Amino acid sequence: MNNVFVIYTGGTIGMVRDEQTGTFIPFDFDLIAKNIPELARLNYNLRVHSFTPIIDSSNMTPAIWLEMASLIKDNYDDYDGFVILHGSDTMAFSASALSFILDGLQKPVILSGSQLPIGEIRTDARENLITALELASAKKRGKSLIHEVCIFFDNKLFRGNRSFKYNSAKFEAFRSPNYPVLVEAGVYLKYNNDALLNNSGMDFQLHTRLDDAVSVLKLYPGISKQVVRAVLESDARSVIMETFGSGNTTTDSWFLDMLRQTIRNGKNILNISQCKVGSVELGRYETSKWLKEMGVLNGYDMTFEAAVTKLMYLQGEFDKQSDVAYWAEKNIRGELTVQD
């Protein structure tokens with residue numbers, strides 16, 4: 001029998017339409033099981049932990065990430081894998097955060113949910129949940145096939161820290177353009193073994209410190225000094241700078257001077273692109289040459305979700321800004337591809 005631990009946080013998958021108001025309201029996992037009778041036919045021993053109260057994913061916090069991670073750590077030895085039912089809006093943030101918190105993971109942690117509530121006739125919840133359970137318990141020669149935190153949605157399994165939600169109106173809600181799909185679910189489950197992490201031989205450990213002192217500077221033509229100053233002079237230890245194309249910014253002297261002063265003051269500035277496909281290439285164009293020379297960090301092809309949660313994790317681990325800066329540019333959980 002396959003043993004799977006299910007963490008039910010809430011989200012659309014657990015919604016039911018209120019007959020009086022017509023709006024969707026949350027309900028408990030027992031009713032999910034009643035709406036998916038196929039679960040009773042599966043050879044699974046399911047243990048369910050439901051959050052009380054149920055959490056709308058827009059209210060997700062680092063404290064809840066740590067609570068989910070602690071549940072996984074406490075039950076790690078007793079289960080083949082873990083499924084987290086989660087609202088899709090912040091699912092990529094949670095998957096990214098858990099990938100950094102759960103170090104040396106050698107069992108699957110699969111986040112899933114749905115675009116339509118479980119009680120709707122055309123819901124995508126059934127296939128997403130059933131396949132997520134199958135992936136969470138998949139083994140070969142007695143060992144788990146998946147050693148990482150993933151998102152399963154619309155017949156595809158993605159690396160969690162490479163994914164982002166791109167569509168709120170289609171079942172195909174997530175994409176991972178800078179990293180291959182890990183598993184495609186058709187008539188058979190087609191594993192992309194070369195793309196999967198392999199943590200065999202590593203020690204599994206839980207990291208319990210997150211520092212959310214991170215700010216975001218998203219550039220746009222005409223951005224003012226006041227806006228840039230407000231972000232750079234905040235109390236954050238690190239600034240994520242969302243730049244144009246392959247990492248380019250304006251070369252106006254006032255802007256570059258502000259960045260230099262921010263770095264001299266001991267803050268880290270991590271450069272990621274506003275483009276969803278491709279990578280930051282500092283120094284490729286003159287507009288980014290100055291950034292590289294002053295010490296702006298290269299975020300390569302990290303998603304925004306991975307960049308935010310990685311910095312929270314690193315700042316929780318390291319008191320020295322130089323240590324945070326060093327590891328921010330390194331691939332530690334499969335979250336980025338370093339360009340030669």
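The values are calculated or read from the model by the stated rules, or taken from the named source; none is laboratory data. Not measured: the values here are computed from a predicted model. Using ideal geometry, Cβ is built from the backbone for each residue, glycine included, and neighbour counts are taken over all protein chains shown.
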Evaluate the following for Ser163: is it buried (at least 17 other Cβ atoms within 10 Å of the Cβ), touching a Lys or Arg at 6+ places or on another chain (Cβ under 6 Å) and at pLDDT 95 or above?
no
Of everything in segment 45-100, what is closer than 13 Å to Ile7 by Cα, among the β-branched types (Val, Ile, Thr), surrounded by 19 or more Cβ atoms within 10 Å (Cβ to Cβ) and at pLDDT 90 or above? Give them in sequence order.
Ile72, Val83, Ile84
Of the residues in segment 289-308, those that are within 18 Å of Asn178 (Cα to Cα) and crowded, with 21+ Cβ neighbours inside 10 Å number 10
Being of a type in the set (Gly, Ala, Ser), in the same structural domain as Met312 (by TED's automatic domain parsing) and not in a loop (DSSP other than H, G, I, E, B): is that true of Ser246 here?
no
List every residue pair whose Cβ atoms sit under 9 Å apart, with the two residues 6 or more apart in sequence or on different chains, where the first one lies in segment 42-63 and is on the phi < 0 side of the Ramachandran plot and without any contact (Cβ under 8 Å) to a residue 60 or more places away in the chain and the second, anywhere, is polar (S, T, N, Q) and assigned to a helix (DSSP H, G or I).
Ser57/Thr12; Ser57/Ser94; Met60/Ser94
Set Asp252, Asp257, Asp212: member being in contact (Cβ under 8 Å) with a residue 24 or more places away in the chain and not hydrophobic (A, V, I, L, M, F, W, C):
Asp212
Would you call Tyr191 surrounded by 15 or more Cβ atoms within 10 Å (Cβ to Cβ) and at pLDDT 95 or above?
yes
Those residues of segment 112-152 which are in a strand (DSSP E or B) and either of a type in the set (Asp, Glu) or in contact with a Pro (Cβ under 8 Å, 6 or more places away or on another chain) (or both), in sequence order:
Ser144, Cys150
Which residue pairs have Cβ atoms closer than 6 Å, lie 6 or more positions apart in sequence or on different chains, and pair a first residue in segment 285-297 that is in the same structural domain as Val239 (by TED's automatic domain parsing) with a second residue that is buried (at least 18 other Cβ atoms within 10 Å of the Cβ) and among the small types (Gly, Ala, Ser)?
Ser288/Gly247; Leu297/Ala325; Leu297/Ala328
Selection count, segment 235-254, where residues are surrounded by fewer than 16 Cβ atoms within 10 Å (Cβ to Cβ) and within 15 Å of Asn268 (Cβ to Cβ):
1
Which of the residues that make up segment 1-20 are modelled with pLDDT of 80 or more and either more than 12 Å from Ile54 (Cβ to Cβ) or in contact with a strand residue (DSSP E or B) (Cβ under 7 Å, 6 or more places away or on another chain) (or both)?
Asn2, Asn3, Val4, Phe5, Val6, Ile7, Tyr8, Thr9, Gly10, Gly11, Ile13
Lone qualifier among Leu105, Leu116 - being assigned by TED's automatic domain parsing to the domain that holds Gly11, modelled with pLDDT under 95 and of a type in the set (A, V, I, L, M)
Leu116
